[in-house]
């Protein structure tokens with residue numbers, strides 16, 4: 001991949017979506033760390049001439065569709081004077097200007113398939129791939145891991161630290177620390193979307209404890225507004 005920028009996709013035997021593991025409180029260290037390594041390698045392909053100003057790769061139609069659904073529509077349901085609303089809109093507006101590298105674009109726990117026999121994995125559905133900031137992909141998938149850790153009482157800091165370490169080790173072209181605050185804001189928005197968005201039943205169906213659910217929502221809001229200290233994980 002480093003030499004030819006080649007991505008090979010093949011079937012996964014004994015398939016089980018990652019969401020099934022998260023729902024039951026299982027954190028599969030090996031496949032998740034390998035996933036972070038793989039995504040890091042994908043992101044290390046810099047958005048040079050082959051991507052920038054290339055309509056096929058930029059795929060702004062799908063990018064803007066997802067931003068509308070997950071950011072602008074989410075903000076639309078909030079009070080007009082809400083600082084949280086303004087923060088979410090500003091985050092989406094800024095993201096449209098960021099063209100670092102090629103992303104998966106829809107890196108959710110139903111698109112990560114685990115081999116239930118040996119814990120190898122595969123990633124499907126790249127049709128929403130676009131050029132953007134790596135923190136978008138990271139927040140997309142890690143929001144679900146974060147939610148599961150909080151809900152099931154799993155050591156969230158240790159989990160996030162290990163996964164972020166796997167990512168940064170494989171992608172040395174992108175300094176995540178320079179985007180840390182913005183990454184956490186995206187993480188908060190992605191959590192809120194999975195608890196409030198139209199497809200919430202796909203991501204938070206197992207969160208039947210309303211007290212825990214409400215706590216996760218508040219944590220996400222505080223994360224977006226930078227009103228809570230979080231582990232650095234890196």
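No lab work stands behind these numbers, since they all come straight from the coordinates. Treat the numbers as computed from the prediction; the structure is a model and nothing was measured. All Cβ positions, even for glycine, are placed from backbone atoms using ideal geometry, and neighbour counts span all protein chains on display.
Can you tell me how the range 88-234 classifies by the Cα gyration tensor, rounded, prolate or oblate, using a/c under 1.5 as the rounded cut?
Working: a/c = 1.31, a/b = 1.10, b/c = 1.19.
Judged from the Cα gyration tensor, the range 88-234 comes out rounded (a/c under 1.5).
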For the chain, what is the calculated [θ] at 222 nm in deg cm²/dmol (nearest 500), taking -39500 (n - 2.57) for each run of four or more DSSP H residues and dividing by its residue count?
-> -15500 deg cm²/dmol
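Taking the Cβ of each residue in 200, 66, 185 as the centre, tally the other Cβ atoms inside 10 Å and list the residues starting with the fewest. Walk me through the numbers before you get to the answer.
Working: 200 14, 66 18, 185 22.
By the 10 Å Cβ count, ascending, the order reads 200, 66, 185.
Calculate, in nm to one decimal, what residue 117 and residue 90 gain on full extension: separation in residues at 0.36 nm each, minus their alpha carbon distance. The partial results should precede the final answer.
Values: separation 27, 0.36 × 27 = 9.72 nm, distance 4.39 nm.
Difference between extended and current length: 5.3 nm.
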Between residue 99 and residue 81, how many nm apart are label points set 7 Å from Cα along the C-beta direction?
-> 4.0
Residues 109, 24, 86 arranged by fewest to most Cβ contacts within 10 Å = 24, 86, 109
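Output the peptides 12-18, 128-134, 192-198, 54-60 sorted from most to least packed, where packing is the average of other Cβ atoms within 10 Å over each peptide's residues. Could you put the intermediate results ahead of the total?
On the way: 12-18: 15.6, 128-134: 21.7, 192-198: 18.4, 54-60: 13.6.
Descending packing order for the listed peptides: 128-134, 192-198, 12-18, 54-60.
For the residues 29, 203, what sequence is obtained by ranking on other C-beta atoms within 10 Å, fewest first?
Numbers: 29 13, 203 24.
So the ranking, lowest neighbour count to highest, is 29, 203.
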